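K.L.:
Supplied in structure tokens, the structure appears directly below.
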Amino acid sequence: MSLRPRLVAGAMTGTSIDSLDLALAAIDGHGLELRARLVEHVNIPLGSLAPGLREAAAGRPLSAERFAELAWELGELHAEAIARLAHSRTLDLAVVHGQTLFHRPPRSLQLVNLAPIAARLRCRVVGDLRQADLAAGGEGAPITPLADWILLRDEDARRAIVNLGGFANLTVLPAGRSGCIHHIDGADLCACNQVLDAIARRVLDAPFDRDGAAASSGVADPAATDALAGILEAQRRSRRSLGTGDEAAAWIEATRDRCAPADLAASAVAAIARTIAAGLGDRRVGSSAGDRILLAGGGCHNRALVGALARLARAPIGTTADRGIPVEAREALAMAVLGTLAEDDVEITLEAVTGRRGRAGRSGCRVG
């Protein structure tokens, strides 16, 4: 008699600090043999929480009381949103990434109070998945490659997963039949939506460049593009995880007065696409006929960025939606998978990706 699938909720708030992404997964099997199916997903705006989290992430002085308030309120938002997503279904596990406020290994802070989530859901809750890797000397990121292998590997060909989030990162998966987890490659590449959204807020008077409309209407300035590409290329070549201090804010301030707003956005898109394409080229993505690139993350909605990548990449480009995972749900679903793997005593990060030294031990802080 087969056991019922485990019902696991995954939650992710990205470095863009705009919304909470939630995914409900039905998980069959155990450990590296598990299979996950997306049941439902939802996106919840952070609303009044966003300004305070942005202040904290920007390093502005806040009282201990204010940090405690933000952590508690974010936990309550997660609790309410996950409960709504689950409806009357009983959860086996909830996996919460938390809001990254600081990341400079070995120090990293993902803010959220797990207690209100456990109290509301009456299930086990796992968070802070990066810390075991950091304690073992790793970069703590990118954290999703093993989940990508579970969810998106192909039986016959390599797949490259490019996340167009606050920072762009890359997973390259070996073919499913012949590949194993020791052949998975991955890396943070460069600042992405961190730059594009900052341009939108500072010169477009908008939270983001909807559909990449401004960038599509502008013309990339060669000098501005080269200057940003130099910054982003240094990030890519560093082979470290990206975070606090890597937002390229100084480039925006130095360039905004000599470029029209749309041209500034177009220049940023050109530099980001060039850097991501170089990362794909380093891993020879496109050197085999079956190679395919799948995009995920909020940057998928920026048509200018996706178009620029399609022109530069050497392999066909699609999105994770082509494999049944909406681009907004991929990271939240990955959290659900990683938390389940951690509960099954599987190390969720890979030495070849994060650079950790030896075993990291069991990942995550648990309540409930």
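We did not get these values from a lab; they are worked out from the coordinates using the rules stated. No experiment lies behind these values; they were computed from the predicted model shown. Every residue, glycine as well, gets a Cβ built from its backbone with ideal geometry; the counts of neighbours run over all protein chains shown.
K.L.:
Quick one: Cα convex hull volume of region 30-97, Å³ per residue?
P.N.:
Taking only Cα atoms, region 30-97 has a hull volume of 137 Å³ per residue.
K.L.:
Under the rule of -39500 (n - 2.57) per DSSP H run of 4 or more residues, summed and divided by the residues of the chain, what mean residue ellipticity at 222 nm is obtained, to the nearest 500 deg cm²/dmol?
P.N.:
-11000 deg cm²/dmol
K.L.:
Listing 293, 150, 231 from the residue with the fewest other Cβ atoms within 10 Å to the one with the most, what is the order?
P.N.:
So the ranking, lowest neighbour count to highest, is 231, 150, 293.
K.L.:
Over the Cα atoms of the chain, what radius of gyration and what Dmax do you get, in Å?
P.N.:
Cα only, the chain: 19.7, 69 Å (Rg, Dmax).
K.L.:
Arranged by the count of other C-beta atoms within 10 angstrom, fewest first, what order do 190, 259, 123, 180 take?
P.N.:
180, 123, 259, 190
K.L.:
Out of 3, 281, 317, whose Cα points farthest toward the positive end of the dipole of the chain (charges: +1 Lys, Arg; -1 Asp, Glu; placed on Cβ)?
P.N.:
Farthest towards the positive end: 3.
K.L.:
Based on Cα positions only, what radius of gyration and what Dmax would you give for region 275-314, in angstroms?
P.N.:
Expressed in Å, the Cα Rg and Dmax of region 275-314 come to 10.4, 28.
K.L.:
With +1 assigned to the C-beta of every Lys and Arg and -1 to the C-beta of every Asp and Glu, and no other charges, what is the dipole magnitude of region 214-255 about the Cα centre in debye, to the nearest 20?
P.N.:
Using only the charged Cβ atoms, the result is roughly 300 debye.
K.L.:
Full-extension gain between residue 289 and residue 250, please, as 0.36 nm times their residue separation minus the C-alpha to C-alpha distance.
P.N.:
Full-extension gain reported as 10.0 nm.
K.L.:
Quick check: from the Cα gyration tensor, does region 242-289 come out rounded (a/c under 1.5), prolate or oblate?
P.N.:
Here region 242-289 falls in the oblate category.
K.L.:
Still on this structure, please answer the following. Given 0.36 nm per residue, what is the gain on full extension from residue 4 to residue 321 after removing their alpha carbon distance, in nm? All intermediate terms of the calculation are to be shown ahead of the outcome.
P.N.:
Numbers: separation 317, 0.36 × 317 = 114.12 nm, distance 2.61 nm.
Full extension from residue 4 to residue 321 adds 111.5 nm.
K.L.:
In angstroms, what radius of gyration and Dmax does region 107-165 have, counting Cα atoms only?
P.N.:
Expressed in Å, the Cα Rg and Dmax of region 107-165 come to 15.5, 45.
K.L.:
Can you give the Rg to Rh ratio of region 52-133, both from alpha-carbon atoms, with Rh computed by the Kirkwood formula?
P.N.:
Here Rg/Rh amounts to 1.01.
K.L.:
Quick one: give the max-minus-min coordinate of the C-alpha atoms of region 1-47 along each principal axis, largest first, in Å.
P.N.:
46, 18, 10
K.L.:
If you don't mind, another one. Which one of 262, 290, 249 is farthest out on the positive end of the charge dipole of region 231-292, using unit charges on Cβ (Lys, Arg +1; Asp, Glu -1) and the Cα centre as origin?
P.N.:
Result: 290, furthest along the dipole toward the positive end.
K.L.:
In the neighborhood of residue 213, defined by Cβ-to-Cβ distances under 15 Å, what is the net charge if each Lys or Arg adds +1 and each Asp or Glu adds -1?
P.N.:
Result for the local shell: -3.
K.L.:
Rank the residues 322, 226, 257 as a footprinting-exposure proxy: fewest other Cβ atoms within 10 Å of their Cβ go first.
P.N.:
If I rank by nearby Cβ atoms, fewest first, I get 257, 322, 226.
K.L.:
Also, I was wondering about something else. Would you work out the charge dipole size for region 236-368 about its Cα centre, treating the Cβ of every Lys and Arg as +1 and the Cβ of every Asp and Glu as -1, and quote it to the nearest 20 debye? Spell out each step's value before the answer.
P.N.:
Working: 20 positive and 15 negative charges, 103 e Å.
Computed charge dipole of region 236-368: roughly 500 debye.
K.L.:
Also, quick follow-up: State to the nearest 20 debye the size of the charge dipole of the chain about its Cα centre, where the only charges are +1 on K and R beta carbons and -1 on D and E beta carbons.
P.N.:
So the dipole magnitude of the chain works out to roughly 560 debye.
K.L.:
Using a/c under 1.5 as the rounded threshold, could you call region 1-142 rounded, prolate or oblate? The axes a ≥ b ≥ c are square roots of the C-alpha gyration tensor eigenvalues, and prolate needs a/b larger than b/c, oblate otherwise. Walk me through the intermediate numbers first.
P.N.:
Values: a/c = 2.21, a/b = 1.44, b/c = 1.54.
Since a/c reaches 1.5 but b/c is at least a/b, the shape of region 1-142 is classed as oblate.
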